[in-house]
Ligand code: FES
């Protein structure tokens with residue numbers, strides 16, 4: 001069974017914005033790109049730097065530490081499938097935003 005993390009309305013970023021969501025033992029970075037929400041682990045798959053503070057260009061987030069860039073939609077390193085940051089579906093139900101954590105992602 002998948003888990004849902006409810007994101008408080010005031011935590012949901014406005015278009016162009018981002019928020020760090022720390023809940024249920026996870027640190028997630030939530031981005032709003034032109035009204036579309038994307039949730040990823042706030043941990044770069046390279047060496048674990050925070051991605052929440054990275055440079056956002058369209059739906060591409062660039063890690064501040066060494067400059068690797070990831071597609072927020074797929075989680076993959078740009079133009080590669082060598083490295084992937086965990087990404088999570090975001091659902092909007094009756095105005096409430098949920099980040100959906102699949103079972104395999106919820107293992108410690
Ligand atoms: S830790 Fe993100 S690019 Fe190295």
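The values are calculated or read from the model by the stated rules, or taken from the named source; none is laboratory data. In this text the structure is predicted, and so the values were computed from the model without any measurement. We place every Cβ from the backbone using ideal geometry, glycine too, and count neighbours over all the protein chains shown.
Take the conditions free of Cβ contacts under 8 Å to residues at least 24 places away in the same chain and over 21 Å from residue 100 (Cβ atoms) and apply them to residue 64. Does it pass? So residue 64 fits the description; yes. Do the conditions hold for residue 58, that is, is it touching a residue at least 24 places away in the same chain (Cβ under 8 Å) and surrounded by fewer than 16 Cβ atoms within 10 Å (Cβ to Cβ)? Against the criterion (touching a residue at least 24 places away in the same chain (Cβ under 8 Å) and surrounded by fewer than 16 Cβ atoms within 10 Å (Cβ to Cβ)), residue 58 qualifies. Scanning region 61-105 for residues that are outside any loop (DSSP other than H, G, I, E, B), surrounded by fewer than 14 Cβ atoms within 10 Å (Cβ to Cβ) and within 9 Å of the ligand (Cβ to nearest atom) yields no hits at all. Scan region 37-55 and tell me whether some residue there is more than 16 Å from the ligand (Cβ to nearest atom) and assigned to a loop (DSSP other than H, G, I, E, B). The answer is no; no qualifying residue exists.
When residue 13 is tested against the conditions (1) at pLDDT below 95; (2) touching a strand residue (DSSP E or B) at 6+ places or on another chain (Cβ under 7 Å), the lone failure is (1).
Annotation note: Cβ proximity below 9 Å between a residue of region 1-16 that is within 18 Å of residue 52 (Cα to Cα) and a residue that is part of a loop (DSSP other than H, G, I, E, B) and modelled with pLDDT under 95 (sequence gap 6+ or interchain) occurs for 5/24.
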